[in-house]
Amino acid sequence: MLREWQQGCAEAALEKYLSGSPHFLCLASPGAGKTVMAAEVAKRMLELDLVDLIICFAPSSAVVESVESTFARILKRSFCGGFGAIGAAYTYHCLLHFDKKFWDSLRHYRVLAIFDEIHHCSGDDVDNANMWGGEILAQVKQCVSYTLALTGTPWRTDNAPIVLSSYTDPEGEICCDYVYGLHEAIIDNVCRKPKVVLINSNNLVFSSEDNIRNFGSVAEFMSETQSSYQSLISHPDVMRYVLEAGCEKLREIRKVNSDAGGLVVASSVEHAYQLLRILEDELTQTATIVTYRDKEALSKITLYRQCVTEWIVSVGMISEGTDIPRLQVCCHLSSVKTELYFRQVLGRILRVNQSKNQEAWLYTMATEELTSYAERLADDLPEDYRIVQSQPETWSFTTAESFPASSTLLQKGSKKIAVDDLPILFSEGKTSTIALSEQAKQLKMGSLYQQVIDAFLFSTA
């Protein structure tokens, strides 16, 4: 059964196509179910005899697998690209390897091309396009009758234009044909209301050959030293604290939802195995690991989706488009700190399912960037990512000592953000045994504590 927004978006797309415009761009919150909506558009266009074939493109093999199964189920036709199939799904990388014969064959049919997470493809002409965007402009656009582009984050970190998109002039805001943001999705109970837990410390001690310095917050430490963020997230105390906090929350949720799961996003394969060892050996959790090096990663994700294992640790495999509705807790320990990636990772725990408890908790470090991203989750398109930028808004970041008491509100312009301070101290004898890097050896963590950011101050009941 279609959700109301999926029905509305499908109708809007058909209306635009029937009016003679072949391109449609949908902005829908991560976790809202864009793939189902796209399959419904394809179904209706087949029923109206507007198209003969459907081709889909997505950023990863995991998403392609999900697209294939969703379209096959909704269209009730094979969607494997083989004999008798109504269509096929490919990764964007495949665009670089199709030959002239493939593109020429498409010209004999009326084709609907669907692009999942279109923000991966940039360029408004072949001269400024990236590799994937260039192929879409040079090949796909010339061969297909209609395009349906989908994104949950309608911007690029490099501020390049997204392919097949138009922008206002001079503001540089992307023009979407249909918008269904996270705020609406939460109100409609399509997505869970997220809580972002920022891990901070008011006593970090960094020792170098020259001197010893004390820092009152993670943000201060990152801004005033040459230390990498990797040295922070790979520090044994930090890894154990973040995981322990996530495990505590997952245990609470599993008292109600017995199959609820947690996701750990790591920065590298080595980092992932360190985190896995802490989960299994020190915190006695059940866990599996998937990395881009693992040939069995897709089958492991499928198995995890259907079982009751507590945690899945990922490197480059579960960030956007991967559908595992039982995920409700995420420990974001990736070295990638862009807002686009932050929102895509958060989207993995937002999809509502049939369980009674629908909480969603993301744990990460209280850097200036991640704090800012958490505070402006309610903005579908943050002002920073307009193609033609005006002077960016100046954000003030609050250090650990100045955060208000529990359940008070911080005023940020016209926005109010709920903040809870939840101190949690390490128990003696529970320091991780993971080996320290050289930079991490120079850093001693004081008492770590949590700040809970809720950017959506309304009831979903």
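Observations on the model:
- Evaluating Thr35 against the criteria (1) within 20 Å of the chain's Cα centre (by Cα); (2) open to solvent by less than 20 Å² (accessible area, probe 1.4 Å); (3) β-branched (Val, Ile, Thr) leaves one unmet condition, (2).
- All positions within the stretch 8-32 that are surrounded by 22 or more Cβ atoms within 10 Å (Cβ to Cβ) and assigned to a helix (DSSP H, G or I): Cys9, Ala10, Ala13, Tyr17
- Of the residues examined, Ile301 is one that is in a helix (DSSP H, G or I), of a type in the set (A, V, I, L, M, F, W, C) and either touching a residue at least 40 places away in the same chain (Cβ under 8 Å) or under 17 Å from Arg254 (Cβ atoms) (or both).
Per-residue answers, yes or no, for (1) β-branched (Val, Ile, Thr); (2) under 23 Å from Ser334 (Cα atoms); (3) touching a residue at least 40 places away in the same chain (Cβ under 8 Å); (4) touching a Cys at 6+ places or on another chain (Cβ under 6 Å):
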site	(1), (2), (3), (4)
Cys175	no, no, yes, no
Tyr178	no, no, yes, yes
Pro194	no, yes, yes, no
Ile199	yes, yes, yes, no
Glu209	no, no, no, no
Phe215	no, yes, no, no
Glu220	no, yes, yes, no
Ser223	no, yes, yes, no
Ser228	no, yes, yes, no
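Quick grid of which residues meet (1) polar (S, T, N, Q); (2) closer than 22 Å to Leu27 by Cβ; (3) surrounded by fewer than 24 Cβ atoms within 10 Å (Cβ to Cβ):
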site: Gly316; (1), (2), (3): no, no, yes
site: Ile324; (1), (2), (3): no, no, yes
site: Val329; (1), (2), (3): no, no, no
site: His332; (1), (2), (3): no, no, no
site: Thr338; (1), (2), (3): yes, yes, yes
site: Arg351; (1), (2), (3): no, yes, yes
site: Thr364; (1), (2), (3): yes, no, no
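- The lone exception for Val308 - which of (1) under 24 Å from Pro59 (Cβ atoms); (2) open to solvent by 40 Å² or more (accessible area, probe 1.4 Å) it fails: (1)
- Screening the candidates Ala400, Ala378, Ala405 for the property of being at pLDDT 55 or above and within 21 Å of Gln451 (Cα to Cα) yields one hit, Ala378.
- Beta carbons closer than 6 Å, at least 6 apart along the sequence or on distinct chains, pair a first residue in the stretch 44-72 that is assigned to a strand (DSSP E or B) with a second that is among the acidic types (Asp, Glu) for Ala58/Asp116.
- Thr284 vs. criteria of a type in the set (Ser, Thr, Tyr) and at positive phi: yes
- When the test is whether a residue is within 22 Å of Glu375 (Cβ to Cβ) and of a type in the set (A, V, I, L, M), Ala149 does not pass it.
- Just one residue in the set Leu263, Leu298 is of a type in the set (A, V, I, L, M, F, W, C), under 21 Å from the mean Cα position of the chain (by Cα), open to solvent by 40 Å² or more (accessible area, probe 1.4 Å) and within 20 Å of Ser66 (Cα to Cα); that residue is Leu298.
- Against the list (1) of a type outside the set (A, V, I, L, M); (2) in a helix (DSSP H, G or I); (3) over 29 Å from Leu182 (Cβ atoms), the condition Cys80 fails is (2).
- Failed condition for Gln354, given (1) under 30 Å from Glu375 (Cα atoms); (2) in a loop (DSSP other than H, G, I, E, B); (3) in contact (Cβ under 8 Å) with a residue 24 or more places away in the chain: (3)
- Counting only strands (runs of 3 or more DSSP E) that sit completely within the stretch 84-201, those holding 1 or more residues that are open to solvent by 20 Å² or more (accessible area, probe 1.4 Å) and within 21 Å of Met45 (Cβ to Cβ) correspond to 87-91, 146-151, 178-180.
The values are calculated or read from the model by the stated rules, or taken from the named source; none is laboratory data. Given the structure is predicted, the values throughout are model-derived calculations rather than measurements. Because the Cβ atoms are built from the backbone with ideal geometry, glycine has one as well, and the counts that use them run over all protein chains shown. Just so you know, the surface numbers come from the protein's heavy atoms only, side chains and all, with ligands and any DNA or RNA stripped out. Shrake-Rupley method; radii C 1.70, N 1.55, O 1.52, S 1.80 Å.
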